[in-house]
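Report on one structure; see the data block that follows.
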Amino acid sequence: MSSLAIEATGLCKAFGATRAVDGVDLAVPAGSVYGVLGPNGAGKTTTIRMLATLLRPDAGSARVLGHDIVADADAVRSVVSLTGQLASVDEDLTGRENLVLLARLLGLSRGGARARAGELLEAFDLADAAGRLVKNYSGGMRRRLDIAASIVVTPQLMFLDEPTTGLDPRSRNQVWDIIRALVTEGTTILLCTQYLHEADQLADGIAVIDRGTVIAEGSPAQLKASVGFGALHVRLLDPGQRGAAERLLMRRLGGVVHLEPDPAALSAACADADRAAAAVVELAQAGVEVAEFSLGRPSLDEVFLALTGRPAAEDATGEGAAA
Amino acid sequence: MSTTPETRPTPAAGDQALSATPRPPRPSALSAALTFGWRGMLKVRHVPEQLVDVTITPVLFLLMFTYLFGGAVAGSTAVYLQFLVPGVLVMSVLFTTVYSGVALNTDMTKGVVDRFRSLPIWRPAPLVGALLGDSVRYLLAGAMIVVLGVVLGYRPGGGFVGVLAAMLLVVVFAFGLSWVFTTVGLLMRSPGAVMNGGFLAIFPLTFLSNVFVDPQTLPDWLRTFVNLNPVSHLVTAARGLMDGAATAGGIGLVLATAGVLTVVFAPLTIHLYRSRG
């Protein structure tokens with residue numbers, strides 16, 4: 001199927017005076033992982049909640065796998081599953097009970113539900129903890145159970161809202177493995193994340209969202225190209241020389257130079273290691289004393305800086321209020 | 001976490017993670033509601049202190065009123081116990097209904113409700129099911145009072161059948177009343193607020209009724225209120241059934257009240273649950 005799994009035009013949602021989502025357009029190809037990248041409060045969760053039929057949009061429209069999210073909400077619900085930002089499992093039940101409950105609600109027979117719960121607990125390495133109450137699970141176990149609950153019946157489309165926020169690196173890798181396995185089976189995934197690295201690892205396409213609108217869109221490669229593939233981070237011995245360093249880097253590397261909160265540090269978008277090295281040499285030749293330097297992938301902050309000309313705003317309203 | 005790198009999940013390799021069978025048809029409304037009822041009962045099993053919390057007060061009232069005031073109010077503790085047990089049974093169950101609202105409010109703050117709401121099921125199922133599960137809780141709360149009463153010397157004139165009929169009537173009324181508290185549960189901001197608001201309403205309704213005293217002894221204005229109070233009608237009907245002297249009119253009035261509460265507040269609760277962002 002080469003058609004679109006999600007097709008949204010002009011989605012809007014306001015909470016009081018806060019315009020959480022302000023005209024979002026999305027086109028998500030079926031069978032792909034599509035990343036929605038943005039800081040807290042950008043409108044990611046609100047967008048997902050509208051697409052998953054939990055919130056009614058104020059304006060705009062969207063079709064999920066061909067079904068209108070308002071007029072045909074029930075049809076949407078029967079082909080999607082949602083893994084929310086808060087773990088969407090019942091803390092007062094055991095892991096096994098959670099899965100049996102979901103399986104029964106999805107129409108499996110009593111025996112079928114028990115069998116399916118057993119399979120999932122095995123596959124997600126939760127068999128030993130199956131009889132324990134979820135409130136005693138670690139963050140990683142809870143997330144795995146959450147995702148297991150989302151694939152009791154394989155959904156055609158899965159919404160994943162910040163699935164790895166707060167996880168240790170190993171649990172995060174496990175979650176990524178699960179996501180990749182789902183895609184192999186043909187499930188389309190809409191992945192909300194604050195981490196560029198995560199979107200980079202998993203997504204075929206990315207929409208960068210800020211203050212309720214999509215500000216950039218493309219494949220990870222396209223986005224990174226537009227931002228600069230990496231960034232040169234420089235820390236000076238003398239903060240007083242930062243102005244000189246900024247001017248030199250701007251001249252040598254072009255584009256935007258970002259002054260870090262650390263008064264001795266600055267960074268510049270830079271795609272090419274040779275040019276970065278040459279710039280550092282030139283700094284030294286100009287008498288600017290460099291304490292450390294490194295070449296890294298751009299952080300979300302830098303993507304934002306490059307796309308919007310300002311740092312990613314930590315907006316307390318929006319998503320928090322939407323939940 | 002107790003996992004080791006060797007046992008890490010490899011869903012890509014295992015066929016266990018992804019279901020091989022196609023999606024079954026959606027469950028019937030009844031099946032979905034009963035599944036949610038089952039969830040409620042699991043919670044009674046895993047968190048029994050929730051039930052104990054709400055029944056401890058009526059138990060204390062039964063003991064305290066019987067032995068402190070029994071002699072003064074009715075001449076002897078034995079006579080007063082005959083009067084009091086059906087009333088405290090009602091009180092115990094009505095207190096438990098407040099908990100339905102608290103539980104729903106707690107649920108709404110958790111992510112699991114989002115999952116329920118994104119499932120293709122009969123939309124009121126989570127609410128109807130929760131109240132069906134709560135009805136079992138109401139029965140347990142009521143049974144606890146009756147058993148304690150019998151241990152203290154209460155002897156129902158209506159026998160076992162009378163007691164059972166009274167408990168069922170009280171549970172039906174509680175089912176209707178709990179829709180009021182689920183509505184409140186969806187309107188209030190925190191479980192604590194629901195608890196406070198709920199008891200602020202349920203305390204005067206149970207105390208300013210015929211649970212503890214015969215209204216004949218009350219001043220006119222208070223007697224008027226007590227006689228209008230639906231809790232009084234429920235106590236009268238339950239007392240009648242347990243004594244073996246119920247009137248069809250009294251029972252009918254209680255059932256009608258429960259019906260009206262359900263018809264008004266169930267759609268309100270369901271609407272709030274659905275529209276909640």
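A few notes on this one:
- A simple spin-label model places pseudo-atoms 7 Å from Cα toward Cβ; at A:R247 and B:D243 they are separated by 10.1 nm.
- At R0 = 25 Å, FRET efficiency that the Cβ-Cβ distance of A:L259 and A:Q222 yields, to 0.05: 0.40
- Take every pair of alpha-carbon atoms less than 8 Å apart whose residues are at least six positions apart; their mean separation over the length of the stretch A:1-81 yields a relative contact order of 32 percent.
- For the stretch B:121-128, Karplus couplings with θ = phi - 60° (6.51, -1.76, 1.60), whole Hz, Gly/Pro x: 10, 4, 4, x, 3, x, 6, 4
- Total formal charge among the other residues, if their Cβ is under 10 angstrom from that of A:V64, Lys/Arg +1 and Asp/Glu -1: -1
- Cα shape, the stretch A:118-179, gyration tensor, a/c 1.5 rule: oblate
- Here the protein assembly as shown is treated as a sphere whose radius is the Kirkwood value from Cα pairs; by Stokes-Einstein at 25 °C and 0.890 mPa s it diffuses with a coefficient of 89 µm²/s.
- Averaged over the residues of peptide A:74-84, the number of Cβ atoms from other protein chains lying within 10 Å of each residue's Cβ is 4.
- For A:C270, distant residues with modelled amide H under 5 Å away: A:F229, A:G230, A:A231, A:L232
- Chain B: angle of helix B:230-243 to the longest principal axis, Cα-based, in degrees nearest 10: 80 degrees
- Computed per residue of chain A from DSSP H runs no shorter than four, each worth -39500 (n - 2.57), the mean residue ellipticity at 222 nm is -11000 deg cm²/dmol.
- Summed over qualifying helices (DSSP H, 4 residues or more, each -39500 (n - 2.57)) and divided by its residue number, chain B shows a 222 nm mean residue ellipticity of -25000 deg cm²/dmol.
- Reachable lysines from A:K224, criterion Cα separation under 30 angstrom, eight or more residues apart if same chain: A:K13, A:K44
- For the stretch A:206-223, 3J(HN,Hα) computed residue by residue from phi via the Karplus equation (6.51, -1.76, 1.60; θ = phi - 60°) reads 9, 10, 8, 10, 8, 6, x, 9, 7, 9, 7, 8, x, 6, x, 5, 4, 4 Hz, glycine and proline entered as x.
- Against chain A, whose longest principal axis comes from its Cα atoms, helix A:139-150 is set at around 50 degrees.
- Contact order normalised by residue count of the stretch A:4-224, Cα under 8 Å, 6+ apart, percent: 30 percent
- Alpha carbon convex hull of the stretch B:153-277, volume per residue in cubic angstrom: 131 Å³
- Rounded tilt (10° steps) of B:29-46 against the dominant C-alpha axis of chain B: 70 degrees
- All Cα pairs of chain A, percent lying beyond 26 Å: 53 percent
Values in this text are rule-based calculations from the coordinates and carry no lab data. It should be emphasised that the depicted structure is a prediction, and the values quoted were computed from it without experimental measurement. Cβ sites come from the backbone with ideal geometry, for glycine too, and all protein chains shown count toward neighbours.
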